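Notes follow the structure.
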Amino acid sequence: QVQLVESGGGLVQPGGSLRLSCAAPGSIFSTYAMGWYRQAPGKQRELVARIIRGSSTNYADSVKGRFTISRDNAKNTVYLQMNRLKPEDTAVYYCNAWSFTSNYWGQGTQVTVSS
């Protein structure tokens, strides 16, 4: 069973920053597109950011200019740097590994933006 291990969530004030990390098995990390999704209470899970094996990235319009996704190939880890956080960013954030044949999820990490 593929395990994606997330860390870095927590409580932060509006305008603050957090960095999420997701470690994946090397066989997955080197061949899958890696991404972050989030799900707020009562809402559908939505794509936040994705990075393809090279450096191609895409972001939700709501986070463009504030969030940055990156990957460290030596550590098999993908990061989501979140700056200028807003209360509406509050959600459970999930790491995702995607290919045309398989799709894997992390267990989720809570991010709460509140004063």
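The values are calculated or read from the model by the stated rules, or taken from the named source; none is laboratory data. None of these values were measured; they are calculated from a predicted model. Every residue, glycine as well, gets a Cβ built from its backbone with ideal geometry; the counts of neighbours run over all protein chains shown. Accessible surface is based on the protein model in full, side chains and every heavy atom, while ligands, DNA and RNA are left aside. Shrake-Rupley method; radii C 1.70, N 1.55, O 1.52, S 1.80 Å.
How do the strands (runs of 3 or more DSSP E) wholly within the range 17-115 filter down when requiring 1 or more residues that are within 25 Å of GLN1 (Cα to Cα) and among the charged types (D, E, K, R): which remain? Spell out the reasoning first.
Values: elements: 18-23, 33-39, 46-51, 57-59, 67-72, 77-82, 91-98, 103-105, 109-113.
Hits in the range 17-115: 33-39, 46-51, 67-72.
Under 8 Å by Cβ, and 6 or more places apart or on different chains, what pairs join a residue from the range 89-115 that is under 13 Å from VAL48 (Cβ atoms) with one that is among the charged types (D, E, K, R) and not in a strand (DSSP E or B)?
Note: pairs meeting the criteria are ALA91/LYS43; TYR94/ARG45; VAL111/ASP89.
Out of all the residues in the range 59-70, is one or more of a type in the set (Phe, Trp, Tyr), modelled with pLDDT under 95 and open to solvent by 40 Å² or more (accessible area, probe 1.4 Å)? Don't jump to the end; show me each part of the working.
In the first step, residues of the range 59-70 are kept if they are of a type in the set (Phe, Trp, Tyr); the result is 59, 67.
Those still in the list that are modelled with pLDDT under 95 too: none.
No: zero hits.
I need the full set of residues from the range 25-52 which are open to solvent by 30 Å² or more (accessible area, probe 1.4 Å), under 14 Å from TRP98 (Cα atoms) and under 15 Å from the mean Cα position of the chain (by Cα), in order please.
Matches in the range 25-52: TYR37, LEU47, ARG50, ILE52.
Among VAL5, VAL12, which is open to solvent by less than 70 Å² (accessible area, probe 1.4 Å) and β-branched (Val, Ile, Thr)? Please lay out each step first, then the result.
Numbers: VAL5 fails: open to solvent by less than 70 Å² (accessible area, probe 1.4 Å).
Exactly one of VAL5, VAL12 is open to solvent by less than 70 Å² (accessible area, probe 1.4 Å) and β-branched (Val, Ile, Thr), namely VAL12.
Within the group THR90, THR101, which residue is more than 12 Å from ALA23 (Cα to Cα), out of contact with any Cys (no Cβ under 7 Å at 6 or more places or on another chain) and surrounded by 13 or more Cβ atoms within 10 Å (Cβ to Cβ)? Walk me through how you get there before you give the answer.
Numbers: THR101 fails: surrounded by 13 or more Cβ atoms within 10 Å (Cβ to Cβ).
Sole residue among the options that is more than 12 Å from ALA23 (Cα to Cα), out of contact with any Cys (no Cβ under 7 Å at 6 or more places or on another chain) and surrounded by 13 or more Cβ atoms within 10 Å (Cβ to Cβ): THR90.
Against the condition at pLDDT 95 or above and out of contact with any strand residue (DSSP E or B) (no Cβ under 9 Å at 6 or more places or on another chain), how does GLN44 come out, does it pass?
yes
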